[in-house]
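Everything on this sheet refers to the single structure shown next.
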Amino acid sequence: MKTSHAAAGLEARCVSRNFGGLRAVTDFSLHVKCGDLVGLIGPNGAGKTTAFNVITGVYGPSAGTVCMNGRRIDGYNPVQINRCGIARTFQNIRLFQNLTVLDNVIVGFNQSAEHGLFGTIFRTAKFARERAASEARGMELLRTLRLDDKADYIAKNLPYGDQRRLEIARALATNPRILLLDEPAAGMNPQEKKELMDLIRFIRGKFDIGILVIEHDMKLVMSICEYLTVLDHGETIATGTPDEVQNDPKVIEAYLGEPA
């Protein structure tokens, strides 16, 4: 069945998430289509990562729905959601630190592998073919993200900025249509942040995907995102273009702690 334009991409509708008596997110709605570059911002404790975790199946919503291309995915686990075309990175880098750079990317291809556990243990012909294909695809992806010269490095030995880049490469290996980046600039110096902004723009164009970014660095978010949603204490207080959002009195109050 052909998906309508309105239903295309990722859509959260009136999502809430409670933890006991605490409501971390309330009536959160968001729509990200392929080609969009959207930011999700707000002060510390605003509910941004909780919203990400609901979208990616870490938590189920207490209310509301999450859809991908018109198909409900709330209630799916993270692996199932990834197979629906949504990939993410994490605020705290989650690489396989003792694997090589190339092997970290190959892990991303495994969700579509067919050789199974038997093939892995006994190194069957199908395993060998798929491994060779994954290595070739992995090197191509590393070249695209300018990490191919470090393919044999152990991941934990990479500079911090390259570890961030590798985590994005591994997410892209799952062939997503929507990529979620959770504070990708955390811990980066100004030069690394500039390179990250260029990388995000490049990825959006190269892979024709939608990107949703959580980020505290307002300069980065205002520079690369075309549309923003602002959370405060779990509630959406503003949506719009960067210019509209940064001049919104509710946003200024949330960040500065006083009325504009």
Legend entry - Which numbered condition S112 fails, given (1) under 23 Å from the mean Cα position of the chain (by Cα); (2) surrounded by fewer than 20 Cβ atoms within 10 Å (Cβ to Cβ); (3) modelled with pLDDT of 85 or more: (3)
Legend entry - Test for M188: is it touching a strand residue (DSSP E or B) at 6+ places or on another chain (Cβ under 9 Å), among the hydrophobic types (A, V, I, L, M, F, W, C) and surrounded by fewer than 21 Cβ atoms within 10 Å (Cβ to Cβ): no
Legend entry - Given (1) at positive phi; (2) among the hydrophobic types (A, V, I, L, M, F, W, C); (3) modelled with pLDDT under 95, index of the condition C14 fails: (3)
Inset, instruction - Mind listing just one residue for me: the one in region 201-220 that is buried (at least 22 other Cβ atoms within 10 Å of the Cβ) and aliphatic (A, V, I, L, M) and, of those, nearest to C84 (Cα to Cα)? - result: I209
Inset, instruction - Kindly indicate whether any position in region 65-75 is free of Cβ contacts under 8 Å to residues at least 12 places away in the same chain and more than 27 Å from D162 (Cβ to Cβ). - result: yes
Inset, instruction - Of the numbered conditions (1) touching a His at 6+ places or on another chain (Cβ under 8 Å); (2) assigned to a strand (DSSP E or B), G45 fails exactly one; give the number of that condition. - result: (2)
Legend entry - strands (runs of 3 or more DSSP E) wholly inside region 159-260 containing at least 1 residues that are touching a Lys or Arg at 6+ places or on another chain (Cβ under 6 Å), in contact (Cβ under 8 Å) with a residue 40 or more places away in the chain and small (G, A, S): 210-214
Inset, instruction - Give the number of residues within region 132-155 that are exposed (fewer than 15 other Cβ atoms within 10 Å of the Cβ), farther than 18 Å from N110 by Cα and more than 21 Å from the chain's Cα centre (by Cα). - result: 2
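The values are calculated or read from the model by the stated rules, or taken from the named source; none is laboratory data. Given the structure is predicted, the values throughout are model-derived calculations rather than measurements. So basically every Cβ, Gly included, is an ideal-geometry build from the backbone, and we count neighbours across all protein chains shown.
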